[in-house]
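The values are calculated or read from the model by the stated rules, or taken from the named source; none is laboratory data. Keep in mind the model is a prediction, meaning the values are calculated, not measured. Because the Cβ atoms are built from the backbone with ideal geometry, glycine has one as well, and the counts that use them run over all protein chains shown. Ligands, DNA and RNA are stripped out before the accessible areas are found, and what is left, the full protein with its side chains, is counted by its heavy atoms. Shrake-Rupley method; radii C 1.70, N 1.55, O 1.52, S 1.80 Å.
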Amino acid sequence: MPKAKVNGVEIEFDNGMTVLQVAELAGEEIPRFCYHERLSIAGNCRMCLVEVKPGPPKPQASCALPAADGQEIVTNSAMVKKARQGVMEFLLINHPLDCPICDQGGECDLQDQSIGYGRDETRYEENKRAVEEKHMGPLIKTVMTRCIQCTRCVRFITEVAGVPDIGLISRGEDVEITTYLDQSVASELSANVIDLCPVGALTSKPYAFNARPWELTKTQSVDVMDALGSAIRVDARGPAVLRVLPRTNDAVNEEWISDKTRYACDGLARQRLDRPMIRQDGRLKPASWGEALALVAARLKAAAPDRVGVIAGDLQDAESMKAALDLFGSIGVTSLDCRQDGLALGDGPRESWLFNSTIEGLEHADAILLIGTNPRLEAPVLNARIRRLWLSGKTRIGVIGERADLTYGYDYLGAGASSIATAIEGGEFADAMKNAKHPAVIIGQGALTRADSAAVLALSANLAAVFGVVRDGWNGWNILHTAAARVGGLDLGFTPRAGGMTAAEMTAKGGAELLFLLGADEIDLGQSDAFVVYLGTHGDAGAHRADVILPGAAYTEKSGLYVNTEGRVQRGERAVFPKGEAKEDWSILRALSDHVGARLPYDTLDQLRARLFADYPTFGQIDYAPGSSPTTLDLTALGARGPVLDAPFASPIKAFHLTNPIARSSVTMAECAALASGLKLAAE
């Protein structure tokens, strides 16, 4: 390995590293504004100047300078110090002195680095330049006079998000960052530019002037807006969640999150269910917990077990589903289902419903076939990874389903199930899949939630077998879920027992006599004549139909386990307490068990988790994704052969910003949905 000296200390480094990276390997801090390890190198700000020998007798930008064997790098010489002070002085020429009213205050790279590397006085007395604000949509607030033209936002939107709506115009003193024709940024990842901006030129519009960072309680948790399980930080003040920010997790979301993950949090305070309610004379009226639980228990005792149905929603934690299984299983209920959408999986081995290559492992794939999925809407952060693979030129991508703008090019192989058989027969993409060392198939809910899903699953499994996606050391059979609770529910076996009804059968006319909805809002109850008990958080579809409402806790108000699409068990933590009289879901079920006369054998969350880990050991493997470990997955046993429909595959997500009760209660998401709908109509 090549070696270089950093401030006199010799260090080994990998070929291809820059001087900045080598200096950081040696533990030296290099200031920077434009450089970001996940973006291309721009070399704009010149803040990362160092002295390099052999080389010209002047400071050089370390971010853009390749490291070489035998180099001597000096990061703390008098020349370097003076050069950095000069650069900082230039950066501050036009920067306004508005730190007291800037939302970046306290989290600003420019503040921090000006203290550490700047001068304590200025030599400029000319008027500062002013720049007009730019319109970037309902999420991004602009104060462009603060901008130092680092172009991080431009590079992110162009390279990672794949929607080149932000650019740099003019030259010299007139240079500005702006949007294309003053339009909003049309990306599901757009607000990540707020985190990237080092100076407060781009800040959060919904969060503007709400709080200072030192006022907030910061809680590490996981996202439930999709099935990816992105690492997040929930910032709260008192009882209110004020913002959600990403945490770095290279195995899942790197350091990005979707706009829905970031901004749906205002829905946590709106349309909340904060006290038990009972329907009397056609209207819901407040009741005490004792009255509500006694009524539910009486109806449960009066109904035959085979006429009781339980449906778990898309945002449920594993503990609440485990408590529901124990309670309703103990009284003989066999109709339980976590698949509101009718997913055709749940009977086979665990690998049959997981994203087996893992999110990080997908980087090794050299051919990817997407079947019935639009990852841009269903998992935007995963879509950014796929785009990076496409940009590398090493991965070929094919699509069977909607011909959508995925932000990258692909081979379009057809719209529906019949195209799966055609894809096997031959063609350029079929040859690419057969010749690939690590082929991957990603199947979405658009293919697995139809009337012919069992046949589609069998066709897809046959295709995967022909292309050899499961082989020694590699498992490219991937299911992309859209619900945060789905994999956890399937792992628990929250599916109908022998003789039990599916979710669709429970909600049909003449189905279940008593229907217990565990946060289930994405299912049609129009035909059901059941007595409906709704345990949830928001006044959404389930609550509107309910006869009894038991107010539960949202994902930021309880500690819970969630399993993401790759089978990784993740722990979400409580940031604030439940609203009003609401309680954690598992504790409500525990209290109901006393009224039913089937007391659950745990009184605390720790006791419940101990029971969960004992009965289902996979839940004890926190932050472990099984991946391509030796598998017994038999692709030929999946699904059931039969006729398929002519209808094309369609993503179940029609409105990205309105996919769950929290998002539908959010004012910010409503604005984004209206904007997205307008842009879609304009494009059509």
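Can you tell me which residue among Leu633, Leu638, Leu600 is at negative phi and in contact with a Phe, Trp or Tyr (Cβ under 7 Å, 6 or more places away or on another chain)?
Answer to the selection: Leu633.
Does the range 445-457 contain at least one residue that is surrounded by fewer than 24 Cβ atoms within 10 Å (Cβ to Cβ), farther than 18 Å from Asn374 by Cα and without any contact (Cβ under 8 Å) to a residue 24 or more places away in the chain?
Among the residues of the range 445-457, not one is surrounded by fewer than 24 Cβ atoms within 10 Å (Cβ to Cβ), farther than 18 Å from Asn374 by Cα and without any contact (Cβ under 8 Å) to a residue 24 or more places away in the chain, which makes the answer no.
Please specify each residue of the range 343-386 satisfying the condition of being open to solvent by 20 Å² or more (accessible area, probe 1.4 Å) and part of a helix (DSSP H, G or I).
Arg350, Glu351, Glu363, His364, Arg376, Leu377
What about Val131, is it assigned to a loop (DSSP other than H, G, I, E, B) and of a type in the set (Val, Ile, Thr)?
Yes; evaluated as a whole, the condition is true for this residue.
Which of the residues that make up the range 485-517 are open to solvent by less than 10 Å² (accessible area, probe 1.4 Å) and either of a type in the set (Gly, Ala, Ser) or over 14 Å from Arg545 (Cβ atoms) (or both)?
The answer is Ala485, Arg486, Val487, Gly488, Gly489, Leu490, Leu492, Phe494, Ala503, Gly511, Ala512.
Within the range 65-87, which residues are open to solvent by less than 60 Å² (accessible area, probe 1.4 Å) and over 18 Å from Asn7 (Cβ atoms)?
Gln85, Gly86, Val87
Give the residue that is modelled with the lowest pLDDT, with candidates limited to residues of the range 387-410 that are assigned to a loop (DSSP other than H, G, I, E, B) and in contact with an Asp or Glu (Cβ under 9 Å, 6 or more places away or on another chain).
Lys394
Across the range 583-620, which residue is farthest from Arg568 (Cα to Cα) among those that are out of contact with any helix residue (DSSP H, G or I) (no Cβ under 9 Å at 6 or more places or on another chain) and polar (S, T, N, Q)?
Filtering first and then ranking leaves Thr604.
Scan the range 44-87 for residues that are closer than 29 Å to Glu255 by Cα and in contact with a Phe, Trp or Tyr (Cβ under 8 Å, 6 or more places away or on another chain) and jot them down.
Hits for the range 44-87 are Asn44, Cys45, Met47, Cys48, Cys63, Ala67, Arg84.
Please go through (1) assigned to a loop (DSSP other than H, G, I, E, B); (2) open to solvent by 40 Å² or more (accessible area, probe 1.4 Å) for Phe90 and return the number of the only condition it doesn't satisfy.
Condition (1) is where Phe90 drops out.
Tell me whether the range 71-84 contains one or more residues that are touching a His at 6+ places or on another chain (Cβ under 9 Å) and not in a strand (DSSP E or B).
No.
Considering each of Ser628, Ser559 in turn, give the residue that is among the hydroxyl-bearing types (Ser, Thr, Tyr) and at pLDDT below 95.
None of the other options fit; the residue is Ser628.
Thr407 fails exactly one of the following numbered conditions: (1) open to solvent by 10 Å² or more (accessible area, probe 1.4 Å); (2) over 30 Å from Phe156 (Cβ atoms). What is the number of that condition?
Looking at each condition in turn, Thr407 falls short on (2).
Could you list all residues from the range 654-672 that are in contact (Cβ under 8 Å) with a residue 60 or more places away in the chain and assigned to a loop (DSSP other than H, G, I, E, B)?
Once the filter is applied, which keeps residues that are in contact (Cβ under 8 Å) with a residue 60 or more places away in the chain and assigned to a loop (DSSP other than H, G, I, E, B), the range 654-672 yields Phe656, His657, Thr659, Asn660, Ser665, Ser666.
I'd like to check something: does the range 613-624 contain any residue that is exposed (fewer than 15 other Cβ atoms within 10 Å of the Cβ), under 30 Å from Ala455 (Cα atoms) and out of contact with any strand residue (DSSP E or B) (no Cβ under 7 Å at 6 or more places or on another chain)?
Looking through the range 613-624, none of the residues is exposed (fewer than 15 other Cβ atoms within 10 Å of the Cβ), under 30 Å from Ala455 (Cα atoms) and out of contact with any strand residue (DSSP E or B) (no Cβ under 7 Å at 6 or more places or on another chain).
Filter the range 26-48 down to the residues that are more than 32 Å from the chain's Cα centre (by Cα) and either under 19 Å from Lys3 (Cβ atoms) or surrounded by fewer than 23 Cβ atoms within 10 Å (Cβ to Cβ) (or both) and list them by number.
Ala26, Gly27, Glu28, Arg46 - these are the residues of the range 26-48 that are more than 32 Å from the chain's Cα centre (by Cα) and either under 19 Å from Lys3 (Cβ atoms) or surrounded by fewer than 23 Cβ atoms within 10 Å (Cβ to Cβ) (or both).
For the range 410-423, how many residues are open to solvent by less than 30 Å² (accessible area, probe 1.4 Å) and under 16 Å from Ala464 (Cβ atoms)?
4
Just to be sure I understand, how many residues within the range 232-255 are touching a residue at least 40 places away in the same chain (Cβ under 8 Å) and of a type in the set (S, T, N, Q)?
Residues meeting the conditions: 1.
Assigned to a helix (DSSP H, G or I), open to solvent by 20 Å² or more (accessible area, probe 1.4 Å) and over 30 Å from Gly409 (Cα atoms), is that true of Gly106?
In short, no.
Tell me, please, whether a residue that is more than 19 Å from Ala227 (Cβ to Cβ) and in a helix (DSSP H, G or I) can be found in the range 636-653.
Looking for residues that are more than 19 Å from Ala227 (Cβ to Cβ) and in a helix (DSSP H, G or I), one finds at least one in the range 636-653, hence yes.
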